[in-house]
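Below is one structure, written out as structure tokens; comments come after it.
The values are calculated or read from the model by the stated rules, or taken from the named source; none is laboratory data. Computed from a predicted model, the values in this text were never measured in an experiment. All Cβ positions, even for glycine, are placed from backbone atoms using ideal geometry, and neighbour counts span all protein chains on display. Quick note on the areas: whole protein, heavy atoms, side chains included, nothing else; ligands and nucleic acids left out. Shrake-Rupley method; radii C 1.70, N 1.55, O 1.52, S 1.80 Å.
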Amino acid sequence: MSVEEFDLVVRGGTVVTAASRAACDVGVAGGRIVQVGGPMRGRRELDASGAYVLPGALDMHVHLSASAPTRDDPPRFVDDFLTGSRAALAGGVTTLGQMSFPDDETSIRAVIARDMQAAGEQALVDYAFHAGVFTATDDLLEAIPELAAQGHMGLKLVMLAFDHDPRDLIAAAKLAGDLGMLTMIHCEDNALIEFAGAQLLAEGRGGMEHYPLSRPDWTETAAVERAAAICAATGAPINVVHLSSGAALEATRRARARGLPLFVEARPLYLTLDASVHAQPDSGRFAGMPPVRQPADVEALWRGLADGSIQTVGSDHAPWFLRDKTWPGIDVTTARKGMAELETMIPLLHSEGVARGRLTLERLVAVTATNPALLHGLYPRKGTIAPGADADLVIFDPELTRTVDAAAMQSRADYCVYDGWEVRGWPRTTISRGEVLYDDGSFSGEPGRGEWIARGKTVAP
Ligand SMILES: [Zn+2]
């Protein structure tokens with residue numbers, strides 16, 4: 001009896017999917033998975049004994065720049081597609097969803113073309129683009145059909161700025177939905193937040209220790225209710241991104257119970273930190289949009305992830321230099337939002353979730369790989385371990401323990417909100433389309449090898 005020889009065999013690990021786990025080998029040829037289990041041998045073999053073999057994660061929510069920062073730049077996100085790819089690989093992520101946002105003078109079409117070119121030159125992992133806008137304009141409504149025809153099937157609308165004309169927001173979601181696109185909505189109510197912030201400043205409580213009070217959970221719930229109403233009115237699939245509070249989660253549960261195609265993304269920040277961090281000095285580094293909430297919210301989000309009320313996790317990787325996150329005179333209305341979370345996302349979900357009994361390993365795979373692939377129309381090419389799928393694989397060592405240190409990480413961000421945390425469970429090896437790109441701390445692969453992936457229609461996870 002002959003045994004087929006593959007390009008690569010991952011041997012001796014426990015293969016985990018969203019539905020099952022089994023001790024078996026994985027055979028790879030031509031960049032794809034060709035056999036799971038049974039006898040096989042490979043020209044190259046990787047030892048996965050003592051480790052899990054997971055599908056490469058899809059982090060469909062990152063903010064990367066088209067180029068590396070220079071000395072004279074105004075403050076901006078500091079990772080490009082190369083350092084973003086390395087952070088992804090070291091963290092077990094093999095597909096990125098970039099939020100492409102225009103600045104004042106750039107159209108959404110031009111910004112996607114710019115990011116396409118940058119990723120084509122720099123990216124190591126595969127990627128897709130979401131057209132992001134703060135204000136829905138005629139330019140956006142004109143661009144949507146063109147972007148959909150090109151395979152850019154994600155639209156990100158930031159509700160914060162939509163107090164000027166909600167009709168455009170509704171029109172954009174409807175048009176996108178009719179074309180099979182997924183609309184992601186940042187759910188915070190701008191008018192309520194402006195009011196809350198102004199009130200704190202007037203009371204002399206504008207310091208960053210009060211930051212969570214400047215964007216209370218009801219400003220999120222109000223926006224989530226509105227997103228659900230837009231979902232009901234238009235029938236368009238809507239993804240509430242980076243949900244932060246138990247109250248807003250309840251609002252999404254009510255909408256989903258009515259059968260609305262409303263989907264929910266969690267973000268590591270809200271699963272790991274609470275408002276007490278703002279008692280620390282220089283707490284501008286913890287400022288997110290929304291802010292971190294109360295311990296009860298943290299637990300509510302873990303329960304939502306476990307029970308299926310939350311379908312996906314995205315890092316919202318938005319890396320800054322520390323000097324741009326904290327400065328003398330910073331207040332609750334001027335803080336810059338976001339932080340680096342790409343490399344730590346899967347390790348933290350394991351360490352804080354699986355290892356603490358809040359999440360099963362299968363559920364970790366569902367929320368980081370299978371469900372994002374379904375939601376963004378990339379399944380079954382991405383998001384699972386099965387014959388025919390891309391060989392995007394992570395050999396994940398659940399016992400590998402590291403103390404987080406931004407200086408030792410791949411992002412150009414010079415601090416990490418988890419600095420000093422002991423985190424249990426890290427990727428040993430990360431493979432993209434059959435190519436070993438990260439192994440025991442070292443990287444290989446040519447910048448630009450990553451591929452843009454045209455997306456299909458959303459499938460409800
Ligand atoms: Zn974001």
When every protein chain stays in place and a 1.4 Å probe is rolled, Leu260, Leu305 sorted by accessible area with the largest first are Leu260, Leu305
Using θ = phi - 60° and the Karplus curve 6.51 cos²θ - 1.76 cosθ + 1.60, what whole-Hz ³J(HN,Hα) does each residue of the range 386-392 get, with Gly and Pro shown as x?
-> 7, x, x, 6, 4, 7, 9
Rank by packing, highest mean first: peptides 16-24, 62-70, 147-155, with packing defined as the count of other Cβ atoms within 10 Å averaged across residues.
-> 147-155, 62-70, 16-24
Write out the GluC sites (Glu not before Pro) in the range 94-151 meeting two conditions: DSSP loop, and at most 12 other Cβ atoms within 10 Å of their Cβ.
-> Glu105
Amide H proximity to Leu400 below 5 Å, modelled H, separation 5+ or other chain, gives Gly425, Trp426
How much area per residue is accessible in the chain when the probe is 1.4 Å and only protein heavy atoms are counted (Å²)?
-> 36
Surface/4 of the Cα convex hull for the range 59-184, nm² | 8.1
Sparse-neighbour loop sites [trypsin sites (Lys or Arg not before Pro); the range 253-344; at most 16 other C-beta within 10 Å; DSSP] = Arg258, Lys337
Phi angles of the range 67-74, converted by Karplus (6.51 cos²θ - 1.76 cosθ + 1.60, θ = phi - 60°) into ³J(HN,Hα) in whole Hz with x for Gly and Pro, give 8, 6, x, 10, 4, 8, 5, x
Taking the Cα centre of the chain as the origin and placing charges on Cβ (Lys, Arg +1; Asp, Glu -1), which of Ala90, Val354, Ser442 is farthest toward the positive end of the dipole?
-> Val354
Listed residues Phe443, Phe134 arranged by accessible area, highest first, probe 1.4 Å | Phe134, Phe443
Taking R0 as 41 Å and r as the Cβ-Cβ distance between Val3 and Ala306, the FRET efficiency 1/(1 + (r/R0)^6), rounded to the nearest 0.05, comes to 0.50
Check each of the trypsin sites (Lys or Arg not before Pro) in the range 40-116 and keep only those in coil by DSSP with at most 14 other C-beta atoms within 10 angstrom; list them in order.
-> Arg71
Any chance you could look up the accessible area of Trp327 with a 1.4 Å probe, heavy atoms only, rounded to 10 Å²?
-> 70
Under the rule of -39500 (n - 2.57) per DSSP H run of 4 or more residues, summed and divided by the residues of the chain, what mean residue ellipticity at 222 nm is obtained, to the nearest 500 deg cm²/dmol?
-> -8000 deg cm²/dmol
Leaving ligands, DNA and RNA out of it, report the carbon-plus-sulfur percent of the accessible area of the chain at a 1.4 Å probe.
-> 51
Report the Stokes-Einstein translational diffusion coefficient (µm² s⁻¹, integer) for the range 57-375, Rh taken as the Kirkwood radius over Cα pairs, at 25 °C with viscosity 0.890 mPa s.
-> 124
What lysines could a cross-link reach from Lys174, if we take a straight Cα to Cα line under 17 Å and drop same-chain neighbours fewer than 8 places away?
-> Lys156, Lys457
Along the range 142-154, Karplus-curve 3J(HN,Hα) (6.51, -1.76, 1.60; θ = phi - 60°) to the nearest Hz, with x for Gly and Pro, reads 5, 6, 3, x, 5, 5, 5, 5, 7, x, 8, 9, x
Reachable lysines from Lys325, criterion Cα separation under 19 angstrom, eight or more residues apart if same chain | Lys337
